[in-house]
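First the structure, in the form of structure tokens, and then the observations on it.
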Amino acid sequence: TIYAGSASGGLWCTFTGGVGVSAWHYVKTGFPVLGVGAIAIDYSDTNKIYIGTGEVYQYGKSIGGIAERPTRGSYGIGILRTTDGGQTWTKSLDWTADQERGILALKIDPVNPNIIWAGTTEGLYKSTDGGISWKYSYGVQMVTDIAIDPRNPDRVYFTAGNFATSGNGCYRTT
């Protein structure tokens with residue numbers, strides 16, 4: 001089973017490893033999801049899946065742009081969560097497209113699957129209850145990637161930048 005997020009077509013899934021002409025099918029979430037920029041699957045229960053919405057290139061710009069991508073691709077509506085393998089979805093981090101935000105990265109703690117980190121246009125977020133609630137952890141724009149030390153999951157690294165207006169760099173929390 002493979003899940004893939006697309007820039008302008010939502011969430012897709014295959015149960016054949018991508019083999020075959022009709023291998024991929026669109027996953028209906030029940031929400032107006034255009035771009036899916038991040039996917040995290042709970043290793044302890046693969047029926048729990050989180051998707052981060054929005055495809056974002058630059059902080060604070062409108063949809064559209066030229067070849068070097070000086071503006072956003074599409075706005076997100078936050079993080080969606082399923083606990084039944086994608087049959088039904090709920091909003092986990094509840095945003096609207098009018099807020100002009102996006103989720104760029106999602107990582108699940110390798111020791112405790114209830115701890116989830118989200119890299120967003122607005123900064124770093126953390127959930128300690130399996131995505132039911134989220135806490136704003138660090139305010140740097142455009143958190144584009146997250147890595148968790150598997151030997152010490154209290155040590156989390158993240159990067160920020162990608163045309164951000166401030167705070168470009170690599171960060172670590174212990």
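Summary table
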quantity: Sequence of 158, 15 when ordered by accessible area, the most exposed leading, probe 1.4 angstrom; calculated: 15, 158
quantity: Inter-probe distance in nm under a simple model that places probes 7 Å from Cα toward Cβ, at residue 31 and residue 111; calculated: 3.0 nm
quantity: Read-out Cα extents along the principal axes in Å, derived from the coordinates shown; its label in (i) 51, 28, 27; (ii) 44, 42, 27; (iii) 47, 34, 29; calculated: (ii)
quantity: Computed magnitude of the charge dipole of the chain (debye, nearest 20; Cβ of K, R +1, Cβ of D, E -1); calculated: 120 debye
quantity: Phi to ³J(HN,Hα) by Karplus 6.51 cos²θ - 1.76 cosθ + 1.60 over segment 104-109, Hz, x for Gly, Pro; calculated: 9, 7, 9, 9, 9, 4
quantity: Reachable lysines, given that their alpha-carbon falls under 24 Å from the alpha-carbon of residue 135 and they are not under 8 places away in the same chain; calculated: 48, 91, 107, 126
quantity: Potential lengthening between residue 136 and residue 24 on full extension [0.36 nm per residue; Cα-Cα distance subtracted]; calculated: 36.8 nm
quantity: Surface share of carbon and sulfur [accessible, 1.4 angstrom probe, percent] for the chain; calculated: 50 percent
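The values are calculated or read from the model by the stated rules, or taken from the named source; none is laboratory data. Bear in mind that the values here come from a model prediction, so they are computed numbers and not experimental data. Neighbour counts run over all protein chains shown; Cβ positions are idealised from the backbone, glycine included. Ligands, DNA and RNA are stripped out before the accessible areas are found, and what is left, the full protein with its side chains, is counted by its heavy atoms. Shrake-Rupley method; radii C 1.70, N 1.55, O 1.52, S 1.80 Å.
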